[in-house]
Amino acid sequence: MFSASARLASRAAPVAIVGAATFLSVSPIEAKGNVDMKAVKGDIADLIDKDAEKRGDGTAYTGTFVRLAWHCAGTYAKSDNSGGSNGSRMRFNPEATWGANAGLTSARNALEPIKAKHPDISYADLYTLAGVTAVEEAAGPTIPFRLGREDMESGASSPPDGRLPDADKGSMPKNVGHIREVFNRMGFNDREMVALCGAHALGRCHTDASGYWGPWTNAETTFSNEYFRLLVEEDWTLKKTHQGKTWTGPVQYEDKTGNLMMLPADIALIQDPEFKKIVEIYAKDEDAFFKDFSAAFSKLLELGVPFPAPWWKFWA
């Protein structure tokens, strides 16, 4: 979720990226026909399972697909209704080569066979549905989801870089302010912000991608409130060594075993009094976290999407 945080269990793969300058049109490409969403979700779940079995190291596309969906949608700005998941502009420059989106090429490539099998689904729907499926298949809550996003023909209408959350802004006050700035821009309140940060229950960081190292929890392919419990109960200290050598990576925190990590932006959630109150609620009540995450994640994935208004609104 946080831009430097998660090259989450992802592996780079080559991809042909088309520069925005190659295209002149920014008109949407509408998905055609009927999409069997249940079948698409089944294929995504099979992909996650088969890839995890092939890796055999406890990692999977689970966290990566959540991050893919998050970064597709997390560029939204409420002020001018720009950005968001509609358009799937991440496939093109400039978004495809933003530093915040590093490591997501492999996730998009992995979904290509599913797109080929279900050609009527838009890339925008596919990428966001992959995140929904990943959460649900990881024993997380059911996420309300509807199809209807469109694909753009280029990245010409991409929002400016810098809208996705950063892992560290240099100090705790700046990290707290940055979290609120990013999420307020999209229209989220404090409780929704903390709930969405709970996506860090899934996945891990890799030194060869983000510079950071390690998982947030001991069960990185299981969605739970463990992230919040660990934030509250563990004694998090600055990481100084790694595998017997001096740690030379970016500032991060570790538990007493050195096996788990937290980013500065994670620690900010227990440094700010208002955020901490919510963290403590979720640490004790997984049902409350699941309920709030489900609503907030569904909201995130729909930001800026021009879904048809319900029939009753035409008479409102």
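The values are calculated or read from the model by the stated rules, or taken from the named source; none is laboratory data. These numbers come from a predicted model, not from an experiment. As a convention, Cβ positions derive from the backbone with ideal geometry for all residues, glycine included, and neighbour counts pool all protein chains shown. When the accessible area is computed, the model is the full protein with side chains, heavy atoms only, and any ligands, DNA or RNA have been set aside. Shrake-Rupley method; radii C 1.70, N 1.55, O 1.52, S 1.80 Å.
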Relative contact order as a percentage, segment 46-115, C-alpha pairs under 8 Å and 6+ apart, gives 20 percent
Taking Cα atoms only, Rg over Rh for the chain with Rh from the Kirkwood formula is 0.95
Length gained, SER171-HIS242, 0.36 nm per residue minus C-alpha separation, equals 23.3 nm
Toy charge model, Lys and Arg Cβ at +1, Asp and Glu Cβ at -1: the chain dipole around Cα centroid in debye, rounded to 20, equals 460 debye
Taking ASP168, ASP125, ASP51 and ranking on accessible area (1.4 Å, protein atoms only), highest first, one gets ASP168, ASP51, ASP125
Of the candidates THR142, LEU126, THR75, the farthest towards the positive dipole end of the chain (Lys/Arg Cβ +1, Asp/Glu Cβ -1, centred on the Cα centre) is THR75
On the formula 1/(1 + (r/R0)^6), with r taken between the Cβ atoms of ASN34 and LYS276 and R0 of 45 Å, the FRET efficiency rounded to 0.05 is 0.45
Per residue, accessible area of segment 146-284 with a 1.4 Å probe, heavy atoms of protein chains only, in Å², comes to 43 Å²
The local net charge around TRP213, scoring Lys/Arg +1 and Asp/Glu -1 for residues other than TRP213 whose Cβ lies under 10 Å from its Cβ, equals 0
Computed about the Cα centre, the charge dipole of segment 100-238 from +1 Lys/Arg and -1 Asp/Glu charges at the Cβ has a magnitude in debye, to the nearest 20, of 220 debye
The rounded separation in angstrom of the Cα centers of segment 264-286 and segment 231-262 is 19 Å
Taking Cα atoms only, helix 286-302 is inclined relative to the longest principal axis of the chain by an angle, in degrees rounded to 10, of 40 degrees
Within the under-14-Å Cβ sphere about LYS50, not counting LYS50, Lys/Arg +1 and Asp/Glu -1 give a net charge of -4
Distance in nm between ASP235 and ALA288 label points, each 7 Å along Cα→Cβ, equals 2.7 nm
Taking trypsin sites (Lys or Arg not before Pro) in a DSSP loop with at most 15 other Cβ atoms within 10 angstrom as exposed, one finds the longest site-free stretch of the chain at 147-239
Once ASP190 and LYS54 are pulled to full extension, the length gained, defined as 0.36 nm per residue separation minus their Cα-Cα distance, is 45.0 nm
